[in-house]
Every structure is written in structure tokens, then in C-alpha cells.
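Working notes for the structure below.
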Amino acid sequence: VFVNEAEKEFGKFSIYEIKRKHLLAYCEARDKPTVSQETIKREISLLQGFYKSKLNSSASADMFEQSPFAGFS
């Protein structure tokens, strides 16, 4: 869902490569009549928690400022 076919294959990219465009593509892909907006928000929140967890354990604080989740609603 995160990666276009022209880019890397799913599972072949780092969490640090996720960009805002990937989050938008994810939301568009999930936006179906059978999926509520709250479900999509929870999924994005879960992804954000995972992203923060990975950064907390391995990256510098300036990576948080570059987070694709910063200001994403």
C-alpha cells in the first residue's frame, strides 16, 4: 500500500523512507464505503506509534522534525 510499483517492492524499504505521499496513498487506498474514517485514523495512529518507537530506539531527535506524520491529519 505504501509503495508504488515503480518504486520499491513492499517489504524492501525502510521505515525511514516513508514520506507524506505514502501516507496519503494509504488513506486513499483505505477510503472505501466499508471502512470508516475512524478506522483509517486508528491505523495511521498505529503506524505513527511504530514510527516513533523505531526513532526512539535508533535515531536522533532531528528525525522527529522530519517525520511524515508531523501535522498529518
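Every number here is computed from the coordinates shown, using simple stated rules; none is lab data. All figures in this text were calculated on a predicted structure; none of them were measured in a lab. Methodologically, a virtual Cβ is constructed for each residue, glycine included, from the backbone with ideal geometry; neighbour enumeration extends over all protein chains shown.
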Give me the net charge for the shell around Leu47: Cβ to Cβ below 12 angstrom, other residues only, Lys and Arg +1, Asp and Glu -1.
+4
What ³J(HN,Hα) values, in whole Hz, does the Karplus curve 6.51 cos²θ - 1.76 cosθ + 1.60 give for region 67-73 when θ = phi - 60°, with x put for Gly and Pro?
4, x, 8, 4, x, 7, 10
